[in-house]
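Below is one structure; the comments refer to it alone.
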Amino acid sequence: MSSYPEDDQLIRQLATGDEGAWRRLYEDMRSPFRLFFIRYGAMSPDDALGLYQEAMVVLHRNCTMGKIQAPLKSSIKTYLFGIGKVLLKKNGTDTRQWDDDIPELPVEPEVESRENQRASASLVQRLLDKVGEPCKRLLELAFIHGYAMNAIAEELELPSAGAARKRKFDCLKKMRGLLH
Amino acid sequence: MPSNNYDIEPIERFLLGQMEPGELAAFEARLLSDEGQRLEVSAYRQLFDGFSAARSEVFRGQMQAWEAEGNAAADEAELIEWFWNGELQGPGRAAFEERLREDARLARETEAYGQLHKGFAGARSEDFRGKLESWEKAQSRQPELRVSARRPALYRIAAAAAAVLLLAAFGLNWYARHYYSAGSLAGAYYQPPRSETVMGEGQPGLTEIARQFAQANGLFQQGQYPAAYQAFDALLAILPTAALDNFNRRYYQEQSEWNRLLAALAMDDPPISPAEEARRIAGAQGHEFQAAARELSGKMNSAWYKWAN
């Protein structure tokens, strides 16, 4: 029996990349997160908003990559606030005075620097520009927009999800060849 | 082994953490013994990390768009609310007070919200005062009750204060209800249909759609909001398959979506969330009512709207 049945259901929905669900979560958590970090994190309102968006990006990545899955061991809110705390610690902020307000996370979020992310994204973007428009479109749908194979087949008018899957691997190989 | 001879499918499952424990152990053992496989995994890891980072960039863009659609406007009201509630502390409060000194418009807004804040506090006090009086009445029915000599004077002061608060609350309440109640907003944002916009002879579905559209608008104009909601909703259900050209289909669809939202806004228990629908239209590029929906969303996020509804 899960301790967070509603959040389990939500995390499954978020994992599919459902934009409406992400937007609702973003708007629900925005105020409590900002207020918490303005009060306890000694942050200006603008910095708290920046931290919130970074924490949401980490949650989004971990969720869509399957690194956080149901059944959850903490609520999504606790997880999100925990990510905020980890991000602040990485920036050298002392969080000891309010550590007790956010319990340690059962799953430590993977937090990558924005510079590394930009470099990785830029490499992929350069390669996508070289693999040809059909492959670029397919790989973007699969790996950036999170489309399922049957949705890709429908979008690109391919005969089946299996055909889309085969095309995806062909395109990946083409891209991998450019890495030499 | 040449790069092309490696199967990408298990590499993808490995990098995305989708392998079962047994398969994972076997794959890791193979990685230890096969340098070519290690090189392949390393190369594909760069690609998958890059895709993940690119996806995060797209998500950042979405968040910026959500911010632009209304959160930024609500932020100021929220900050002011935290300020008056005493929730804004530390550097956040110091920065806000600095802004108050430098920004006359923000200072005016803060002062105006301060009146609301005091008005709410006054209204709460009035409500509590009513309870106190009812408790007093219940007590006064008991014969042993003693009345202090200072009570009449205190009552006179309390009554004067209550009158001032009631007056302030009444004025603010009138303003909020007149300009920000759901019904007022629905009426203010409603536009009667522009018949000259509808063109196109030889479209068999057009006459029937136009008739239903006029009927739905008639219901709205008579204030029969639940019936108007149903009429616009029914129209939206048949529009996708109606025999219309794209121009007329889009015209009726956007008008009906907007008017259905306004009808829902004026209803006590609407079947859809007006706030969500307003946000959806505000985010629909090219929608005829996109700008109006943005404005309406902003008003629905305001403290006035919360007060009035």
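The values are calculated or read from the model by the stated rules, or taken from the named source; none is laboratory data. These numbers come from a predicted model, not from an experiment. Note that we place each Cβ from the backbone using ideal geometry, even for glycine, and neighbour counts take in every protein chain shown.
Taking the criterion of being under 18 Å from A:S122 (Cα atoms) and more than 8 Å from chain A (Cβ to nearest Cβ), the residues of the stretch B:36-52 that qualify are B:S42, B:R45. Of the helices (runs of 4 or more DSSP H) lying entirely inside the stretch B:20-86, not one carries at least 3 residues that are touching a Lys or Arg at 6+ places or on another chain (Cβ under 7 Å) and under 30 Å from B:A278 (Cβ atoms). Could you tell me whether the stretch A:37-44 includes any residue that is within 11 Å of chain B (Cβ to nearest Cβ) and modelled with pLDDT of 85 or more? Looking for residues that are within 11 Å of chain B (Cβ to nearest Cβ) and modelled with pLDDT of 85 or more, one finds at least one in the stretch A:37-44, hence yes. In the stretch A:87-168, counting only helices (runs of 4 or more DSSP H) that sit wholly within it, the ones holding 2 or more residues that are at pLDDT below 90 span A:114-128.
Condition first: within 11 Å of another protein chain (Cβ to nearest Cβ), under 28 Å from A:H145 (Cβ atoms), modelled with pLDDT of 90 or more and crowded, with 18+ Cβ neighbours inside 10 Å. Can you find one or more residues in the stretch A:74-85 that meet it? So far as the stretch A:74-85 goes, no, none of its residues is within 11 Å of another protein chain (Cβ to nearest Cβ), under 28 Å from A:H145 (Cβ atoms), modelled with pLDDT of 90 or more and crowded, with 18+ Cβ neighbours inside 10 Å.
Yes/no per residue for (1) free of Cβ contacts under 8 Å to residues at least 24 places away in the same chain; (2) of a type outside the set (D, E, K, R):
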position	(1), (2)
B:G92	yes, yes
B:E98	yes, no
B:K118	no, no
B:A123	no, yes
B:K131	yes, no
B:A138	yes, yes
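Where helices (runs of 4 or more DSSP H) sit wholly within the stretch B:236-309, those with at least 2 residues that are under 18 Å from A:E27 (Cβ atoms) and touching a residue at least 12 places away in the same chain (Cβ under 8 Å) occupy B:274-282, B:290-300, B:303-308.
Identify, by number, the condition in (1) facing chain A (nearest Cβ under 7 Å); (2) assigned to a helix (DSSP H, G or I); (3) crowded, with 17+ Cβ neighbours inside 10 Å that B:P91 doesn't meet. For B:P91, the exception is condition (3). Screening the candidates A:K77, A:K73 for the property of being among the basic types (K, R), farther than 27 Å from B:F83 by Cα and either within 18 Å of the chain's Cα centre (by Cα) or not assigned by TED's automatic domain parsing to the domain that holds A:I144 (or both) yields one hit, A:K73. For the stretch A:53-73, a tally of residues being in a helix (DSSP H, G or I), facing another protein chain (nearest Cβ under 9 Å) and either of a type outside the set (D, E, K, R) or over 27 Å from A:P5 (Cα atoms) (or both) returns 6.
Any chance you could count how many residues in the stretch A:139-180 are in contact with a Phe, Trp or Tyr (Cβ under 8 Å, 6 or more places away or on another chain) and under 23 Å from B:N5 (Cβ atoms)? Final tally of qualifying residues: 3. Suppose the filter is at pLDDT 85 or above and aliphatic (A, V, I, L, M); does B:A243 pass it? Here the answer is no, as B:A243 does not meet what is asked.
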